[in-house]
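The values are calculated or read from the model by the stated rules, or taken from the named source; none is laboratory data. Since the model is a prediction, treat every value here as computed from it, not as a measurement. Reconstructed Cβ throughout: ideal geometry from the backbone, glycine too, with neighbour counts over all protein chains shown. Accessible surface areas use protein heavy atoms only, side chains included; no ligands, DNA or RNA. Shrake-Rupley method; radii C 1.70, N 1.55, O 1.52, S 1.80 Å.
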Amino acid sequence: MKSSIQRDNSIDFFKGILTSLMILAHVIQFFSEKSTVGFIISQYVNLTTFSGFFFIFGYTHQIAYFNKKDTNTSKTKILRNSINVLFIYYLSALSFRFFISNNLIENGLSGLFKILFFFDIPGYSEFLLSFFILLFFSFLFIKKLKVITTTNKLIISLFCLAFTFIPLEWLKINQLGLIIGSHEFASFPIIQYLPYFILGTIFAKEKIEFKKTHFYISILFTLSLLFFIFFTHKIPNRFPPSITWILGAAAFIYCYYIFSKKINNNKLFKFTVITEIGTSTFFYLIISNIFIFAIKSNLEMKINLFYCFVLSLFLIFFIYRLRKIVK
């Protein structure tokens, strides 16, 4: 079904950048020899990608759902999208347990049950589950979520960030950990990251592009991260996320956003391949995950950073051609 709303190619370009970098980071994390440059690239992508996707989720929600008067139609689309994302999560989770953990078959129905009902949340798949939960909450509470993103935005954002200060050592429930964070497994809690979703809705609603005030504020947030690293010689906590980790991505995400807008308005350089990747983000992520898991299960050797880039480009090109075939 074609939408009556003109597609914002700049956001697809933004998603294409994040998707490509995420594939590169996964390749580095699975196959790269230890190197300072590889570590920096991996940590940078970890810092910016999920927050960037949450910003985009807010931006597209505002355009596709919140701007619509017909709530029921929006809810139907959200439910369909949430089911699609859940299916992709299951594919990734089962692939991880099959190829990496090598225990999917031996665990039988018990292991399958744990994955299906989120008692077991395999690695490199949990971010997909966070997208599903956000979409499902949007389906259930679309009117309330719309109110949250239009009134008291600052108070709500501060409330969400306050959850980064809650000690979560007591929390042993995986399902709740997906919402507020956990020490038990790698999770991307939707509460702590929600300010980026809210920010995305604001940028879409007010059609914000470059403003010095926004840029300076984002720089201040990111400087808090750099100061933390400089003075402590540590990376801020990611699982569960600290407030420094959450805010530290701000300037990078704002620069991605502005760069994507500039590229979209440029008539000479369109980077259509990256834009096309952004139109099929979840397809690229699930296919790349399955291939990376399968390769890793049969390849124990490590490769240098250059070959990690080559492998990433090969994966992206392969999935690009595959997408052309299945369209």
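Listing for the model above:
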item: Selection count where residues are farther than 29 Å from Asn298 by Cβ and crowded, with 16+ Cβ neighbours inside 10 Å, scope the range 78-117; result: 3
item: Residue in the range 144-157 that is surrounded by 15 or more Cβ atoms within 10 Å (Cβ to Cβ) and under 16 Å from the mean Cα position of the chain (by Cα) present; result: no
item: Tabulated pairs, the range 299-327, first outside any helix (DSSP H, G or I), second surrounded by 16 or more Cβ atoms within 10 Å (Cβ to Cβ), C-beta under 7 angstrom, 6+ apart or interchain; result: Lys302/Phe31; Lys302/Ser32; Ile303/Phe31; Ile303/Ser32
item: Hits in the range 107-163 - residues which are under 14 Å from Gln175 (Cα atoms) and outside any helix (DSSP H, G or I); result: Phe117, Phe118, Phe119, Asp120, Ile121, Pro122
item: Checklist (1) in contact with a helix residue (DSSP H, G or I) (Cβ under 6 Å, 6 or more places away or on another chain); (2) in a loop (DSSP other than H, G, I, E, B); (3) within 21 Å of Phe282 (Cβ to Cβ); (4) not hydrophobic (A, V, I, L, M, F, W, C) applied to Lys68, failing item; result: (3)
item: Contacts under 6 angstrom Cβ, first residue in the range 75-95 being closer than 12 Å to Phe136 by Cβ, partner open to solvent by 50 Å² or more (accessible area, probe 1.4 Å), 6 or more apart; result: Ser82/Phe136
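Yes or no, residue by residue, for (1) among the aromatic types (Phe, Trp, Tyr); (2) open to solvent by 60 Å² or more (accessible area, probe 1.4 Å):
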{"residue": "Glu209", "(1), (2)": "no, yes"}
{"residue": "His214", "(1), (2)": "no, no"}
{"residue": "Phe228", "(1), (2)": "yes, yes"}
{"residue": "Ile235", "(1), (2)": "no, yes"}
{"residue": "Phe239", "(1), (2)": "yes, yes"}
{"residue": "Asn266", "(1), (2)": "no, no"}
{"residue": "Thr275", "(1), (2)": "no, no"}
{"residue": "Ile295", "(1), (2)": "no, no"}
